[in-house]
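Every read-out reported here was derived from the displayed coordinates using simple, explicitly stated rules and does not represent laboratory data. These figures come from a predicted structure and were not determined experimentally. All Cβ positions, even for glycine, are placed from backbone atoms using ideal geometry, and neighbour counts span all protein chains on display.
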Amino acid sequence: MAVKIFLTGATGYIGGTVLDSLVKAHPEYEYRLLVRDEARAGPIRARYPDAALVVGRLEDAAVLEQAAAEADIVVRASALLPPHRFPPPPR
């Protein structure tokens, strides 16, 4: 039985690098990848056709819990950032 990996952040720089390294080292593993929406799913689907994609957001606990429960290993290579990353300039 193949090891099941659930990875968040696959569409980002760090998560994409982690995914690429994992797939090269362990092509026999089953990968489930969280993607924000269908628009972001296209490039991932093209590069990793055997990976299962989970469309959802980091704020959606039900989606995360379901995917994590089905995985042997969870890799969180994502970040939940507020809409405004920097404080407003001083007046």
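Neighbour counts of C-beta atoms inside 10 Å place T11, T17 in the sequence T17, T11, starting with the fewest. At 222 nm, what value in deg cm²/dmol follows for the chain if DSSP H runs of at least 4 each add -39500 (n - 2.57) and the sum is divided by all its residues, to the nearest 500? Computed ellipticity for the chain at 222 nm equals -10500 deg cm²/dmol.
Cβ crowding within 10 Å ranks R91, R40 as R91, R40, fewest other Cβ atoms first. How high is the relative contact order of the range 4-76, given as a whole-number percent (alpha carbon pairs under 8 Å, six or more residues apart)? This gives 41 percent for the range 4-76. Semi-axis lengths, largest first, of the ellipsoid equivalent to the range 1-78 are 17, 15, 11 Å, with √(5λ) applied to each eigenvalue of the Cα gyration tensor.
Report the net charge of residues surrounding A69, where surrounding means a beta-carbon distance below 13 angstrom and charges are Lys +1, Arg +1, Asp -1, Glu -1. Charge balance near A69 sits at -1.
Fewest-first ordering of I5, I73, I44 by other beta carbons within 10 Å of each residue's beta carbon gives I73, I44, I5. Values of log10 I(q)/I(0) for the range 1-40 across q = 0.21, 0.23 Å⁻¹ run -0.63, -0.74, by the Debye formula with one identical scatterer at each alpha carbon and no solvent. Taking a sphere under 13 Å around the Cβ of V18 and counting the other residues whose Cβ falls inside, with K and R at +1 and D and E at -1, yields a net charge of +1.
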